[in-house]
């Protein structure tokens with residue numbers, strides 16, 4: 001009888017993909033969804049902030065209370081906290097992302113181990129299915145060449161390198177045959193795909209769109225400078241989701257310098273206005289409370305944010321990440337003030353999103369992903385959530401809805 005294994009994934013879409021690769025590679029264990037019954041727990045960790053490390057430690061404490069399981073650590077946190085956790089005896093082994101296809105071998109080791117593997121590896125895994133998902137996450141690249149002052153990720157994921165195009169297309173072809181129609185391209189710095197292999201993210205998406213069964217392609221976060229002229233040529237393609245998430249991190253030119261960012265606010269604004277004119281919903285990343293964010297610079301940033309045609313926001317208050325230039329910068333911003341600024345920002349974009357949804361009069365193309373009570377839940381082409389009332393079984397289906405209402409918290413429709 002096989003032992004039972006549970007996977008816990010923290011962090012980004014890249015980690016979701018890596019967990020799926022491990023689950024696909026497992027042969028010696030039965031994968032379960034109830035952690036309390038597990039003989040083995042694999043934690044795919046995030047380390048983007050010190051707080052992310054704290055979440056991992058808290059989860060290990062949780063497992064220690066509810067299950068008699070061996071715990072193994074992988075993911076980005078393996079590089080920053082893995083050795084310490086191993087020394088404390090809180091995990092049985094630590095392995096890097098490059099070792100995930102060897103997971104059966106890793107988990108079979110009798111002695112505690114610490115094997116981070118290779119930060120220059122290129123993923124060659126091909127996944128046929130995504131357990132419990134309606135959409136498929138496709139990792140197309142790994143690592144980042146940017147060196148933003150607050151970010152530890154390039155040091156734990158390595159420099160940017162692209163997955164083999166043939167492997168990516170093969171994987172999407174298999175998944176499309178298995179019924180997947182929406183594909184989310186992910187990675188550490190997705191927009192850098194192909195920069196060292198004489199291709200590009202736009203070229204890759206064109207080839208993906210030609211695969212039978214592919215209905216919608218969505219990108220993870222990209223940088224403003226990665227929306228090139230070639231990329232702009234595909235903006236009107238029907239397979240490209242009408243939502244782009246473009247990382248700004250701030251809108252004060254001085255703060256962008258403190259953060260060692262490559263984007264320029266004036267050019268960012270011009271790009272966002274162009275995308276909005278093409279009907280795109282636009283999301284961004286933003287950090288409040290980074291060292292140096294004075295009241296004057298914050299007021300400048302808020303003024304600029306109000307000018308941008310934003311609809312979505314992934315923002316968080318600054319958290320120190322040991323080993324980065326930002327962690328020693330002065331003056332620091334009070335944590336409470338950083339949270340207040342975060343909520344101010346969230347409220348601004350929430351209003352913008354509602355206005356966008358009210359102004360849109362077209363039909364919504366939705367992949368229904370889940371069900372709660374008598375309502376089906378999915379996301380439209382603008383990556384806005386909609387709750388749908390229907391007597392039909394819509395789960396996992398594509399539906400086109402014209403009868404809907406935009407309310408403050410979400411869209412509501414019926415079919």
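The numbers here are math on the coordinates, done by the rules we state, and not lab data. Remember, predicted model here, so these are calculated numbers, not experimental data. Ideal geometry is used to build each Cβ from the backbone, glycine not excepted, and the neighbour counts take in all protein chains shown.
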Summing -39500 (n - 2.57) over every DSSP H run of at least 4 in the chain, dividing by its residue total and rounding to the nearest 500, the 222 nm mean residue ellipticity is -9500 deg cm²/dmol
Highest-fluctuation residue, 119, 256, 375 considered, GNM on the chain with Cα pairs under 10 Å: 375
Calculated FRET efficiency, residue 358 and residue 58, Cβ-Cβ r, R0 35 Å, to nearest 0.05? 0.30
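Compute the relative contact order of the range 1-156 as a whole-number percentage, counting only Cα pairs closer than 8 Å that sit 6 or more residues apart in sequence. Could the numbers behind the result be given before it?
On the way: 250 pairs, mean separation 35.2, N = 156.
Over the range 1-156, the number comes to 23 percent.
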Could you check which residue among 361, 221, 134 shows the biggest mean-square fluctuation in a GNM of the chain with a 10 Å Cα cutoff? 361
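What share of the DSSP beta bridges in the range 105-238 is antiparallel, in percent to the nearest 5?
Here the share of antiparallel DSSP bridges comes out near 20 percent.
Hey, can you rank 263-276, 92-105, 239-252 by average C-beta count inside 10 Å, highest first? Please report the intermediate quantities before stating the final value.
Numbers: 263-276: 16.2, 92-105: 20.2, 239-252: 21.9.
Result, highest mean Cβ count within 10 Å first: 239-252, 92-105, 263-276.
Counting only DSSP beta bridges with both residues in the chain, tell me the antiparallel percent, nearest 5.
Numbers: 19 of 62 bridges.
DSSP beta bridges in the chain are roughly 30 percent antiparallel.
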Please state, to two decimals, what the Cα-based radius of gyration of the range 3-115 comes to when divided by 2.2 N^0.38 Å (N = residues). 0.94
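Eigenvalues of the Cα gyration tensor times 5, then square-rooted: what semi-axes does that give for the range 258-359, in whole angstrom, largest first? Before the final figure, lay out the partial values.
Values: eigenvalues 140, 47, 26 Å².
Computed over the range 258-359, the values are 26, 15, 11 Å.
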Residue among 49, 186, 295 with the largest mean-square fluctuation in a Gaussian network model of the chain, springs linking Cα atoms under 10 Å: 295
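What is the gain in length, in nm to one decimal, between residue 408 and residue 347 on full extension, counting 0.36 nm per residue of separation less the C-alpha to C-alpha distance?
Working: separation 61, 0.36 × 61 = 21.96 nm, distance 1.17 nm.
Full extension from residue 408 to residue 347 adds 20.8 nm.
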Obtain the nm distance between the two label points defined at residue 234 and residue 296 by a simple spin-label model: each point lies 7 Å from its Cα along the Cα-to-C-beta direction. 4.4 nm
Per residue, the convex hull volume that the Cα atoms of the chain enclose (Å³): 153 Å³
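Let me check against my output: what whole-number percent is the relative contact order of the chain, with C-alpha pairs under 8 Å and at least 6 apart?
Values: 813 pairs, mean separation 41.9, N = 415.
For the chain, the relative contact order is 10 percent.
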Give me the distance between the Cα centres of the range 281-333 and the range 177-232, rounded to whole Å. 27 Å
Sort the following peptides by mean Cβ neighbour count (other Cβ atoms within 10 Å, averaged over residues), highest first: 191-200, 322-331, 77-86. 77-86, 191-200, 322-331
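With a cut-off of 8 Å between alpha carbons and a minimum separation of six or more residues, what is the relative contact order of the range 258-359 in percent?
Values: 105 pairs, mean separation 34.4, N = 102.
Computed value for the range 258-359: 34 percent relative contact order.
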Work out, step by step, the length gained on full extension between residue 278 and residue 207: first 0.36 nm times the residue separation, then minus their alpha carbon distance; give nm to one decimal. 23.3 nm
